[in-house]
Structure formats: structure tokens, C-alpha cells
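Take a look at the structure below.
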Amino acid sequence: MAKVQLNQKEQHYADTREEAEEIVTTAKENENLQMHKITEKFNKYGQYFLIDLTYAYQTPKEVMESRPQNDGLPEGQMSIDDAEEDDSQLKRVK
């Protein structure tokens with residue numbers, strides 16, 4: 001079974017509020033964006049902004065309910081469906 005990316009989290013840094021909003025605007029172009037958050041922080045060097053972005057690509061339910069692709073099988077290897085069919089045919093012969 002192929003690996004499928006379900007979600008991704010990113011965190012970005014910006015010096016100004018405008019830079020932070022620009023990062024969010026760019027991220028909104030991606031239709032998989034689920035959540036964005038701009039957090040204002042302070043330290044001894046001054047003010048900065050952390051931008052949290054969360055992307056969700058598919059839900060686990062969609063992945064689990066989808067049937068595996070037989071295209072990726074190496075030459076000569078049977079899929080699980082083929083193996084079950086052969087097993088049921090052997091039981092009928094006996």
C-alpha cells in the first residue's frame with residue numbers, strides 16, 4: 001500500500017504583521033489549508049510573529065475505504081484479491 005500524506009503543519013517567522021499576513025495570503029491559495037494562526041510574541045530583542053499553518057489533504061476514512069491500486073505490483077506478484085480467489089477455487093476442488 002502506498003503512503004498517503006494526510007496532514008501537514010508548518011510554522012513560519014515574520015518580523016512585521018504585514019509580512020505575517022502576506023504569508024497567510026500566500027498559504028490561502030492552497031485549497032488544502034485548514035487553519036492559520038498569527039501569534040504575536042515578544043523577547044528581549046523586540047516583537048515578532050509566529051504563523052502556524054495546518055493543511056489537511058485527505059481524511060483517514062477516505063484513505064481506509066479506498067481500494068488499493070494493483071498497478072504497483074511487481075511482475076508475477078498476486079494481489080490480495082487474486083490470492084483470495086485462488087484460495088476459494090482450491091476449496092471448491094477439494
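Residues in the range 1-21 that are of a type outside the set (Ser, Thr, Tyr) and closer than 10 Å to residue 51 by Cβ: 10, 11, 12, 14, 19, 20, 21. Among residues belonging to the range 27-69 that are in contact with a strand residue (DSSP E or B) (Cβ under 8 Å, 6 or more places away or on another chain) and closer than 14 Å to residue 6 by Cα, point out the one that is modelled with the lowest pLDDT. Among residues in the range 27-69 that are in contact with a strand residue (DSSP E or B) (Cβ under 8 Å, 6 or more places away or on another chain) and closer than 14 Å to residue 6 by Cα, the one modelled with the lowest pLDDT is 57.
Could you please find all residues in the range 34-45 being exposed (fewer than 10 other Cβ atoms within 10 Å of the Cβ) and of a type outside the set (S, T, N, Q)?
We begin by selecting, within the range 34-45, every residue exposed (fewer than 10 other Cβ atoms within 10 Å of the Cβ); these are 42-45.
Once the filter is applied, which keeps residues that are exposed (fewer than 10 other Cβ atoms within 10 Å of the Cβ) and of a type outside the set (S, T, N, Q), the range 34-45 yields 42, 44, 45.
Applying the selection to the range 1-33, what residues are small (Gly, Ala, Ser) and loosely packed, with under 12 Cβ neighbours inside 10 Å? Within the range 1-33, 2 is the sole residue that qualifies.
Being within 25 Å of residue 57 (Cβ to Cβ) and either touching a helix residue (DSSP H, G or I) at 6+ places or on another chain (Cβ under 7 Å) or polar (S, T, N, Q) (or both) is the filter here, so list the residues in the range 15-45 that pass it.
Those that are within 25 Å of residue 57 (Cβ to Cβ) and either touching a helix residue (DSSP H, G or I) at 6+ places or on another chain (Cβ under 7 Å) or polar (S, T, N, Q) (or both): 25, 26, 30, 32, 33, 34, 36, 38, 39.
The lone criterion from (1) at pLDDT below 95; (2) surrounded by 11 or more Cβ atoms within 10 Å (Cβ to Cβ); (3) under 28 Å from the mean Cα position of the chain (by Cα); (4) not hydrophobic (A, V, I, L, M, F, W, C) left unmet by residue 84 is number (3). Filtering the range 3-48 to residues that are over 30 Å from residue 66 (Cβ atoms) and in a loop (DSSP other than H, G, I, E, B) leaves 15, 16, 44, 45. In the set (1) at pLDDT below 95; (2) touching a strand residue (DSSP E or B) at 6+ places or on another chain (Cβ under 7 Å), residue 12 fails one condition alone, (1).
The values are calculated or read from the model by the stated rules, or taken from the named source; none is laboratory data. Since the structure is predicted, the reported quantities are computational estimates derived from the model, not experimental observations. Note that each Cβ is placed from the backbone with ideal geometry, even for glycine, and that neighbours are counted across all protein chains shown.
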